Structure formats: structure tokens, C-alpha cells
Amino acid sequence: MDKPKKVLVYRHAALTRLTHWINVLALTLLLMSGLNIFGAHPALYWGQKSVFARPWASINAVDKGDRMIGVTQIGSATFETTGVLGYSGKVGEREPVAFPSWATVPSYRDLADARRWHFFFAWVFVINGLIYWLAGLLSGHIKNDLLPTRTDVKARNVWHEIVTHARLKFPKGEAARRYNVLQKGAYLAIVVILLPLMVATGLCMSPGFNAATHALVDFFGGRQSARTIHFLSAWTIVAFVLLHLFMVVASGTWNNIRSMITGRYAIVPDAKTGARR
Amino acid sequence: MSADRRGLLKAAIASTGALIVGACDKITGNPKSLAVLQSAEDLTRRAQRLVVDRKALAKEFTASDISPDFRPNGSIDPQDADYLALKTKGFSDYRLVVDGLVERPLSLSLDQVRALPARTQITRHDCVEGWSSIGKWTGARLGPLLDQAGLKTTARYIVFHCGDTLEQTLDGSGVYYESIDLIDAYHPQSILAYAMNDRPLPVAHGAPLRLRVERQLGYKQAKYIMRIEAVADFAHIGRGKGGFWEDRGYEWYAGI
């Protein structure tokens, strides 16, 4: 039998690829500068105000008399996290800091500089996102490529996708020209819910913006709730990225990376659905 | 995952982080690239001024929302000799000086300040560190006070000179000060508070007078105010950036 013939199809428009990589840069720096900012007050609350004695989560350095340890508290549970959270650095040079210096921008604790990084890349992120949205709506990318079709959302199809994903079996033929329903759902949730939620909760920490509309910060349950949701959504995005990277590797690392750089994705048109357009 | 692979993965993540962090530290250390990052501040201020009405009020809360644990920050017990002398006498010798680019410089006792048009508001104090506390403030409205002194047409900013030294420096640039523009100075919620939660303002929170400029972060809310100066610009004051924390890298516009 002949080796199956590979065909390069045009999968990602230039604007999708460009905004994707700008987003990678912006989100990386937003996360890392955000972790530095968090270090200025490593405690989270629900509501409008902080109740300093009762954060729902916190990261602290605790003096044990003969040594310091890092302690992470979530609700009534506490975990020793020395070396990573609360108390980290090279052994012998450890210091009290929420997140380790290799994860924060700048590496040293500096709220003023971290805020400069954060707000600069917040603008990059927002402008990039608006361009993606606008172009996505005008070109039909969001409607045609991301919005699930009626066939997509049929229970049988969703179940089929879940099962094949769990077995890490991905279509290589004609079906690979389009996103499957799980991809559509994940990307749509990121683009329409999670990323805008980051902007909205971020804005709700701004006392200047809050004066413009009290409704938004109240919708989130107050400024401290907005800060908490901002923190949790950031880690949800990290979780998405980890899953995304895993899927990239599982479904063909180089093919995926090439398609997000050059736009060309290799498929193997099979006999059944072999009719090429 | 085996311990080996886990160790490898950890090392990979940490070294990728270190690589990014190292590059970012270099960028932060270079004044030119730092200025690029800082340009976002201007964009933020203009964008917020565009979408937020000049007179839009910060949310006001009810008495039940007041924080029992309102955190004092920065100086909480100034040791400056002049301040201690005033404090010992219960601020009976205190004078609020209003000068600079004004037609009629003022020197007011606390009683005179208390007799000025006042406002009471329960508002949320947002620290740049990330926490919030809610307090009730009563104080003299800044706008009418400035009108009483009569701003000259060249006045652009209002500078608040404070009685506390937050950082010991040889050139005296560690004395706290702040500045706001006239939009914020004439905002209805901008007051010189002399009472907090229905009691005289405590020393930890800035007795005898502190600024409340509600739509900005905590470091703008100057405490221990001794003198209010109207200026055309603030380049000649402190290290020239418009405030103690501004001189140390924080944004002058603290609305975000």
C-alpha cells in the first residue's frame, strides 16, 4: 500500500496567527507581573472590603523560631509550601515572598515596576483582543469556525468527541480541516468569557473606573471579590494553556505549531471523505 | 510521572521562567525601555478621563459596611519634631496654610477648618497593595476652600505638604507630599477629613487633617496635611514626580 499522501491546507488566517502570538506574549507577562503584584498583599477576600483576620486564601512566611517556612492557606486548610510559595529562593538565601522570583516580573519584589509591566501589557492584551474580535466578527471566523453547528452539539457527536479525545485519537483527514465541538467550546469560552472576564475584573479593581459604573463592581460582589475572581480566572487560563499545550503535543506537535506560524496544516485525505475541494 | 521526569519538568518550567524574568529585569533596569512601559500610564489616565464623568461619584456605603479593622498604612505615628509639638497640645496650635498661586493666602485653625462647608461620606479605601477598607469621613470640601483662597489662573495642581517623614533622607526628600489636578480638587467628594467614623481623626489615619480623593488609590490620600500649595507644575517639589510614592516609581495618576 502507498504511504498516505499528505496535503497542506490553509487553516489559520494571518490575523488569527498574529493575534495568537501577541496574546501569548501579553498573557505570559500579565501573569508574571500579576504574581509580583499579588505579593504586595498575598491574601484574598470576598466582598467589598478586606477582613484582614479572615482571608479565604493567603500565602505567608511563618517564623517557626529556628527557621522560616512558607504556608499557603485555603479556607481552614493550611499547607507547608516552603521553597515555592511564601518562602522561596536559593537555600540559604530564601526570603518571604508569595511567588518565587523565577515566576515573577520583575524577579525582585517591586510593586511599582510590576504595575508598569502589568498595565502596559494590559493595553497590549486589550487592543489585540479587540482587533481579534472585530476581525473575527467581520470575517466570519467566530461564526464559521468557532460557533458550534447544530450537528456539532448533538449528544451523539459530543459523546463521540469526548471518547476519541480521551483515547487521544484525533482526525487526520477531512474532519481535521475544522475544529471539533470540544475545541470550539474551549476556544469560544476563552475568547468570549474568560479573557473578557479578566479585563472586567481587572477594571473593577480600579477606583477611577469604579466611579464610572458602580454596577459592574457590584455585579462581581465588590472590589475584593473582583480581585479574587481575577486571580482565579488567571489560573483557569493557565489550566487551559496547559491542556492546550498537551493537546498540541498529543495531536501532532510540529503540524500544529507550523499551522499557527505559516497557517498550513497537513491533513491526510482518506478514502471515505477523500473528495478534496 | 517518575521522580526524574517530574524533576526535569520542574527544572524546565523554572529555567523558562528565569529566562523571561532575566530579560524583563534588564528591560526594567533600562530607563529608555522603562519609559515605554510607563507610557501606558498616560493612556490609562486619558482613557479613564474619557469614560468616567468628571463629577461621577465613588460609591458610598452604609454604616453597616464600615470596616472595624481599617488598616492604617505608611506613617502611622510620625516622629517629626514639629508634628510631635502639635500633637502634644492636641493640635490647638495647628494652622492649615493655603498658599502658592492664590489671591488670598490663608492660615486656618482647626476650628476654622471645621466651620468650612463640609461633607460626610462612607467610602471604600483601595490600597495599591490590593486590599480595601471602608470608612466614614467628615471633612471640609476642598473646592470651596480653594475658592476662598482664590486660585490664580496659572494654578494647575494642588500640592499637599505633610507633617510626616516616611523615609529618612539627607536632602529631606523623604517628607510625604502628594498632588492632584483641579478636576479632582473640585470633585464633590474631595475633602480634608478631620473626622473618621464619627470621631476625631486618629493619629494613625492622619490627624489632624487628611485628604480624601475617593477615585484614586490610598497613597493619594495624604495624611498629616500642614500646607496646601497651588502650583503651575510640581517639577521643583521633592524629586519632581508629584508625590512621595510617585518619586519612588508609582504612577502619578492613581485611578487604577
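A short reminder: the numbers here are calculations on the coordinates, not readings from a lab. Given the structure is predicted, the values throughout are model-derived calculations rather than measurements. Glycine also receives a Cβ, built like all others from the backbone with ideal geometry; neighbour counts cover every protein chain displayed.
Across peptide B:36-46, the mean count of Cβ atoms from other chains lying within 10 Å of each residue's own Cβ comes to 4. Which distance in Å, rounded to a whole number, links the C-alpha centroids of the range B:76-118 and the range A:23-78? Rounded to whole Å, the Cα centres lie 40 Å apart. In terms of packing, defined here as the mean over residues of other Cβ atoms within 10 angstrom, the peptides A:245-251, A:207-213, B:239-245 line up highest first as A:207-213, B:239-245, A:245-251.
Within straight-line reach of B:LYS152, meaning a Cα separation under 19 Å, there are no lysines at least 8 residues removed in sequence or on another chain.
From the Cα trace of chain A, what convex hull volume per residue do you get, rounded to a whole Å³?
188 Å³
Report, to the nearest 10°, how far helix A:111-139 tilts away from the longest principal axis of the Cα atoms in chain A, using its own Cα long axis and a range of 0 to 90°. Result, in degrees: 20. Across peptide A:104-116, the mean count of Cβ atoms from other chains lying within 10 Å of each residue's own Cβ comes to 6. The lysine pair tally for chain A, using Cα distances under 25 Å and a gap of 8 or more places or different chains, is 23.
Relative intensity of the range B:3-45 on a log10 scale, I(q)/I(0) at q = 0.13, 0.29, 0.34 Å⁻¹, equals -0.47, -0.90, -1.00, per a Debye sum over C-alpha point scatterers of equal strength in the absence of solvent. For B:SER179, the amide hydrogen comes within under 5 Å of the amide hydrogens of B:PHE160, counting only partners 5 or more places away or on other chains and with H modelled in the peptide plane.
Dipole magnitude for the range B:58-248: computed about the Cα centre from +1 point charges on Lys and Arg Cβ and -1 point charges on Asp and Glu Cβ, it is near 400 debye. Computed from point charges on the beta carbon alone (+1 for Lys and Arg, -1 for Asp and Glu), the dipole magnitude for the range B:177-256 about its Cα centre is near 280 Debye.
Taking every residue in A:214-224 and counting other chain Cβ atoms within 10 Å of its Cβ, the average works out to 2.
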